[in-house]
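*Asks:* Take this structure, written in structure tokens, and hold onto it; I'll ask about it next.
Here, each number is a calculation from the coordinates, and none is a lab measurement. From a predicted model like this one, the values you see are computed outputs, not experimental measurements. We place every Cβ from the backbone using ideal geometry, glycine too, and count neighbours over all the protein chains shown.
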Amino acid sequence: MAETPQAQPAGRAGLRKELPERFRDYKHVWVLVEIERGKVHPVSWELMGEGRKLADKLGCQLAGVVIGPKAETTKTAIRQTYHYGADVCYIVEDEALTDYRNEPYTQVLTDLVNKYKPEILLLGATPLGRDLAGSVATTLQTGLTADATELAIDDDMCLGATRPTFGGTLLCTIYTLNHRPQMATVRPRVMAMPEPDTKRSGRMIWDNLRMKEDDIITKVLEFVSDNTSKEANLAYADIVVAGGMGLKNEANLALVRNLARTLGGDWGCSRPVVQKGWAPAERQIGQTGNTIRPRLYIAAGISGAIQHRVGVEGADLIVAINTDPNAKIFEFAHLGVVADALTVLPALTDAFARRLG
Ligand code: FAD
């Protein structure tokens, strides 16, 4: 259950005088290491980097929670958890945890929280993380801030989780003042990926799943890969080319795809392009779509509204092509081309094809 949104840290003064006595037992920052089909989702390491900063500010330990089957991939995930900054790893291995299912995962995580009492619990805002965070927060009856874009510790040593509100026009900072742990999910690519230190290691704490396969209602009969989302790996692409309403029609999106293909990158679009049905939702970039952090982002015919900007401002180099010299995108693009995208995109594709081909 989420707490009422409050204003920025200063506006919170006086809401709570002292930490209730029962909170004293809650210590340390935890990050769920999300493993699906043997692969750790990179958002886990992005959160580990952020969790490290929070733990250092609180003067406590950072722990990773690794849940999965007894397998080589789980062992690798445990080693990596230390490399990305954890001091401790809580591990629950069980065959019943091979594929993600809400019931056993909720059981494991809530049992661990009740037993070891973390102060903060972070999960990726992925389909798995969103599903699990909601049921864990509900079971524990604590506060959860979904899709946080910033995490900070305030003067009272409480977690302030900031996220957009009112359609992205305002930012609010949400506190969990009366419950523990303080929970938040963060979308992939919102936090920077830390550099791993392969010399680091740490403590392991093993626990068990207190549930038998027969007690679990959901059974995984077959795994059918979703090829569309596999195709779109925008969040982690090094080069992204995107098109907006300035492209005029669906057919012109081919110009964006051609340039992306020539550069070995991926392609995306603004929200109205998805709303028009010109591109599938997984191609959308921005506040309600993907957050990207490529080395190069080329935006063609995109005005640069705040809801788009928040999803791209982590890019190293932003190149904007727009016919309007006063377009908002030129306020944050590193390079601006005031020209018709329908002419510039094919010209760039030809030039790069000649150079790279
Ligand atoms: P427009 O605003 O119509 O801009 C088109 C641009 O193309 C203009 O700047 C124009 O000068 C330029 N142009 C026209 N012709 C050409 C040409 N031939 N060559 C070059 N340039 C040309 N938007 C997102 O993108 N992502 C989101 O996740 C998102 N989430 C939202 C969430 C909420 C709650 C709300 C309220 C809005 C959200 N939006 C989002 C919408 C956002 O506010 C803007 O409406 C949207 O980003 C505008 O898309 P656009 O730039 O493609 O279109």
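*Asks:* How high is the relative contact order of the chain, given as a whole-number percent (alpha carbon pairs under 8 Å, six or more residues apart)?
*Replies:* Working: 746 pairs, mean separation 52.3, N = 357.
15 percent.
*Asks:* Right, here's the next one. With n ≥ 4 as the cut-off for DSSP H runs, can you work out [θ] at 222 nm for the chain, using -39500 (n - 2.57) per run divided by the number of residues, rounded to the nearest 500?
*Replies:* -8500 deg cm²/dmol
*Asks:* Enumerate the whole-percent occupancy of each 10 Å bin, from 0 to the last occupied one, for all C-alpha pair distances of the stretch 146-261.
*Replies:* In order of increasing distance, the bins hold 9, 18, 26, 30, 13, 4 percent.
*Asks:* Here is a follow-up. What net charge do the residues around PHE332 carry, taking every other residue with its C-beta under 11 Å from that of PHE332, with Lys and Arg at +1 and Asp and Glu at -1?
*Replies:* Value of the local net charge: 0.
*Asks:* Under a Cβ-Cβ cut-off of 12 Å, what is the net charge of the residues other than THR323 that fall near it, where Lys and Arg count +1 and Asp and Glu count -1?
*Replies:* -1
*Asks:* Averaged across orientations, what area in nm² does the convex hull of the alpha carbons in the stretch 148-210 project?
*Replies:* Projected over every direction and averaged, the Cα hull of the stretch 148-210 covers 7.9 nm².
*Asks:* Just the ratio, please: alpha-carbon radius of gyration of the stretch 230-315 over 2.2 N^0.38 Å, N its number of residues. All intermediate terms of the calculation are to be shown ahead of the outcome.
*Replies:* Details: Rg = 11.1 Å, N = 86, 2.2 N^0.38 = 12.0 Å.
Its radius of gyration relative to the 2.2 N^0.38 Å reference: 0.93.
*Asks:* Restricting to the chain, compute how many DSSP beta bridges are antiparallel as a %, nearest 5.
*Replies:* The antiparallel proportion sits near 20 percent.
*Asks:* Of the residues THR76, THR288, THR110, which exhibits the maximal mean-square fluctuation in a Gaussian network model of the chain defined by a 10 Å Cα contact cut-off?
*Replies:* THR76
*Asks:* Compute the orientation-averaged projected area for the stretch 15-127 from the convex hull of its Cα atoms and round it to one decimal in nm².
*Replies:* Working: hull surface 30.7 nm².
Computed as one quarter of the Cα hull surface, the answer is 7.7 nm².
*Asks:* Mind listing the Cα extents of the chain along all three principal axes, in Å, largest one first?
*Replies:* Over the chain, Cα extents along the principal axes are 64, 51, 41 Å.
*Asks:* Follow-up. Where the centre of each part is set by its Cα atoms, how far does the stretch 82-109 sit from the stretch 330-346, in angstrom?
*Replies:* Here the answer is 46 Å between Cα centres.
*Asks:* I've got another one for you. Hey, how much of the P(r) for the stretch 208-357 falls beyond 24 Å, as a percent of Cα pairs? Walk me through the numbers before you get to the answer.
*Replies:* Numbers: 3809 of 11175 pairs.
Here the tail beyond 24 Å accounts for 34 percent of pairs.
*Asks:* Using a cut-off of 25 Å between alpha-carbon atoms, which lysines can reach LYS199, once sequence neighbours fewer than 8 places away in the same chain are excluded?
*Replies:* LYS39, LYS53, LYS57, LYS70, LYS75
*Asks:* Still on this structure, I have one more. Hey, which lysines would be in cross-link range of LYS328, C-alpha to C-alpha under 27 Å, not counting anything within fewer than 8 residues on its own chain?
*Replies:* Qualifying lysines at Cα under 27 Å: LYS248, LYS276.
*Asks:* Just LYS27, LYS75, LYS199 to compare: in a GNM of the chain, with alpha carbon springs under 10 Å, which one fluctuates most?
*Replies:* For the chain, modelled as a Gaussian network with Cα springs under 10 Å, the answer is LYS199.
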